[in-house]
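Handing you a structure now.
The values are calculated or read from the model by the stated rules, or taken from the named source; none is laboratory data. These figures come from a predicted structure and were not determined experimentally. A quick note on method: Cβ atoms are made from the backbone with ideal geometry, for glycine too, and the neighbour counts reach across all protein chains shown. Accessible surface areas use protein heavy atoms only, side chains included; no ligands, DNA or RNA. Shrake-Rupley method; radii C 1.70, N 1.55, O 1.52, S 1.80 Å.
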Amino acid sequence: LCLELMEVHFANSQFVTRNSYHVIDVGCGSGILSIAALKLGAEKVLGVDIDIESVKNSRENADLNEVGEELVLGQGSVTEILRGDFEFKSAPLVVANILAPIIIRLFDAGLADLVETGGEIILSGILDHQAGNVVAAGESKGLKFNDQRQMGDWVALKMSRDV
């Protein structure tokens, strides 16, 4: 679901024509969303995860997919990104495939602040009955709900930070 919304984003995005199109993947896990963002047209992706084994796994998968330094990986989360521990603090596209209660906590930690003005955030790993709470959390931080995809009980959401 997240990949589907990412494909729509890249197909419609005015940002992709820029020379320095960045993406942030919060909770990068295996790195699949980070790798996909690069294959879809991102110049550089920052993938972070609190689990160092996930960071290592992401690098292994990146290597298998012939992705190099354009994928910056590190241990951390929203707090570390906003603090400036990594190469950039915001991006026109932010993705997170994490369970809804964690996404809501990350909004309180500043997740919405990672989204550049005019940019989008794609969230997945959300059960359908939790989607309303995630949308409300994002809206309380200045984001606007744009789209939703559903497969069975699982939902992906797309929200934006308007200009």
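Quick one: how many residues across segment 37-84 are over 16 Å from H22 (Cα atoms) and free of Cβ contacts under 8 Å to residues at least 40 places away in the same chain?
Result for segment 37-84: 23.
Could you list, in sequence order, the residues of segment 119-132 that are of a type outside the set (A, V, I, L, M) and either within 15 Å of the chain's Cα centre (by Cα) or under 18 Å from G27 (Cβ atoms) (or both)?
Of segment 119-132, the ones of a type outside the set (A, V, I, L, M) are 119-120, 124-125, 128-130, 132.
Within segment 119-132, G119, E120, S124, G125, Q130 meet the criteria.
Further question: Condition (residue is touching a residue at least 24 places away in the same chain (Cβ under 8 Å), among the polar types (S, T, N, Q) and farther than 24 Å from L143 by Cα) applied to segment 87-94: is it met by at least one residue?
No: zero hits.
Quickly run through segment 133-159 and pick out the residues that are farther than 17 Å from L1 by Cβ and surrounded by fewer than 19 Cβ atoms within 10 Å (Cβ to Cβ).
Residues of segment 133-159 farther than 17 Å from L1 by Cβ: 133, 136-137, 139-144.
Matches in segment 133-159: N133, A136, E139, S140, K141, G142, K144.
Hey, L93 hits all of (1) within 16 Å of the chain's Cα centre (by Cα); (2) surrounded by fewer than 21 Cβ atoms within 10 Å (Cβ to Cβ) but one; which does it fall short on?
(2)
Every residue in segment 38-68 that is part of a loop (DSSP other than H, G, I, E, B) and within 22 Å of A11 (Cβ to Cβ), please.
G41, A42, E43, N65, V67
Look through segment 115-132, keep the residues that are among the acidic types (D, E) and closer than 25 Å to H22 by Cα, and return whichever of them is surrounded by the most Cβ atoms within 10 Å (Cβ to Cβ).
Checked segment 115-132; the qualifying residue surrounded by the most Cβ atoms within 10 Å (Cβ to Cβ) is E120.
Here is a follow-up. Hey, can you tell me all the residues within segment 115-132 that are among the aliphatic types (A, V, I, L, M) and under 16 Å from M6 (Cβ atoms)? So that I can check it myself, show each step before the final result.
As a first pass, look at segment 115-132 and keep what is among the aliphatic types (A, V, I, L, M): 115, 121-123, 126-127, 131.
Matches in segment 115-132: V115, I121, I122, L123, I126.
Do we have E66 as over 15 Å from the mean Cα position of the chain (by Cα), closer than 23 Å to I35 by Cα and surrounded by fewer than 23 Cβ atoms within 10 Å (Cβ to Cβ) here?
yes
Here are K39, K44, K56: which of them is touching a His at 6+ places or on another chain (Cβ under 7 Å), of a type outside the set (A, V, I, L, M) and farther than 19 Å from K158 by Cα?
Values: K39 fails: touching a His at 6+ places or on another chain (Cβ under 7 Å); K56 fails: touching a His at 6+ places or on another chain (Cβ under 7 Å).
When all the criteria are applied, what remains is K44.
When you scan segment 20-50, how many residues do you find that are open to solvent by 70 Å² or more (accessible area, probe 1.4 Å) and not basic (K, R)?
Total satisfying the criteria: 3.
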